[in-house]
1. At 7 Å along Cα-to-Cβ for each site, give me the label-to-label distance between T177 and V110 in nm.
2. W373 to A95: FRET efficiency via 1/(1 + (r/R0)^6), r the Cβ-Cβ distance, R0 30 Å, to the nearest 0.05?
3. Sort W373, W357 by accessible area with a 1.4 Å probe, largest first.
4. With a cut-off of 8 Å between alpha carbons and a minimum separation of six or more residues, what is the relative contact order of region 89-158 in percent?
5. Given labels modelled 7 Å from the Cα in the Cβ direction, how far is it in nm from A382 to R229?
6. Using only the Cα atoms of region 286-325, what are the Rg and Dmax in Å?
7. Tell me, what does the Kirkwood hydrodynamic radius of region 246-288 come to in angstroms if you use every pair of distinct C-alpha atoms?
8. Enter the per residue convex hull volume of region 32-77, computed from alpha-carbon coordinates, in Å³ rounded to the nearest integer.
Amino acid sequence: MSTPTAADDRRVPLWRDRAFGTYWIAQSLSAAGDSFAYLAVPLLVLQATGSVARMGLLTAVAGAASVVAGIFGGVLVDRYDRRTLMIVADLIRLALYAVVPLAWLAGPQVWLLFVVLPVCEAAGMVFQVAAVTAVRNLVDRDRITEANGRLQATFAAAAVLGPLLAGVVAARFGPATAIAVNAASFALSAAGLWLIRLRPADAAPAPRERPVAEFLAGARFLWRQPVLRALTVLLSVFIFLTYGFTDVLIYHVTHDLGGSEGTVGAVLGLAALGTVAGALLVAPLRRRRGFGATWIGAHAVCGVAVAGVGIATSVPAVTALTGVYLCCLSVGGICSMSLRQEITPDHLLGRVTSAFWSTHYALGPAGAVVLTWAAARFGVAAVTLAAGAGCLLVAVAGLVTPIRRAGAQPPGPPAPAVVGQVGQPPASQSSTA
């Protein structure tokens, strides 16, 4: 790994880099809008049906669409211009989310959410894969963790205000109006992306093959990297246990604690301060404690926080524990995302990202159904205790995997022989370069 030089020290700070700054602002505004839908969609379902299980079913259907899109999202990102794909994804979501408040003028149309949300989640998955790879084309390799931390911190800061405003808007004008605000945010994101240009890839694009074959090239790289393989397996379990957490949290606040839409918005908004803290802490924590200790410790604390939410009997306690959960979720997520960006060849980055997300999110939809059904059947406290215990077991399992041995400095790219072995299939097949 290269060491910093005097020239590195004289580089323009990230906040003064025009391309990164424009991208940063546009995505922060979009994140603020996303927080409106994050709150409003479950509230629409809960108001119309009164069922936490129906909320979980919608989350599961949307999550399944996202997983399917992830299989081919990386192929699209590695084949086509990443900025253009993000703009198209924004425009699709702008159009579809705008339909919801218009349809709601005639009364609740829950069936429409089961159409709109899966398509929007599929487009969102393509956008997310492209957005992760775009950071690699915006900043130097040794500034990736810093860039991710700044992006996530600002997203979280926007998410603090977003739910608070969404709660006010939902209480005053209805959740459908809050979704309209989210639709408008995608227009701002698309406009910001239109103003920037990404750096060219650091390697020539690989020859095109069938989409499934190209996806498998990313999956092979993922599987042959010991740390990434362990992360994928453990996060699959973690996502199963926590994918329906927001639905359960909203149900707990409104049903068990008697909170209103405004209360839910306040809980989510204030708890998002934890995401801000996690995004600011992740870089120094990783430098001082190493990747393994940081990731394992973050997921262990997540488990304790999840267990505590269900047994908390006051809104302030639920808010504080959710904030701790989001803080540690942010630390763990940024660590694993940065590691993938650092060690994956650029021509494989989209496919590796989509393979990673598709694999570890695959159990999420089933987890959302199970978690919300169990909350309705056995109560929130029992469900969160079980989920929290499972998250602790994920952290303990990390101690016996290569994750534990990952040092303070992120691993460099694989040696050329290994890259060829991982990035390419057997010689009997024509494959990625």
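1. Placing both labels 7 Å beyond Cα along the Cβ direction yields 2.4 nm.
2. Values: r = 33 Å, r/R0 = 1.09.
Plugging the Cβ-Cβ distance into 1/(1 + (r/R0)^6) gives 0.35.
3. Details: W373 135, W357 30 Å².
Highest to lowest solvent-accessible surface, that is W373, W357.
4. Values: 25 pairs, mean separation 23.1, N = 70.
Computed over region 89-158, the figure is 33 percent.
5. 3.9
6. 12.4, 38
7. Working: mean 1/r = 0.0846 Å⁻¹.
Taking the inverse mean of 1/r over all distinct Cα pairs, region 246-288 comes out at 11.8 Å.
8. Details: hull volume 3.3 nm³, N = 46.
Hull volume over Cα atoms, normalised by residue count, gives 72 Å³.
The values are calculated or read from the model by the stated rules, or taken from the named source; none is laboratory data. Being a predicted model, the structure only gives us computed values, none of them experimental. A quick note on method: Cβ atoms are made from the backbone with ideal geometry, for glycine too, and the neighbour counts reach across all protein chains shown. Quick note on the areas: whole protein, heavy atoms, side chains included, nothing else; ligands and nucleic acids left out. Shrake-Rupley method; radii C 1.70, N 1.55, O 1.52, S 1.80 Å.
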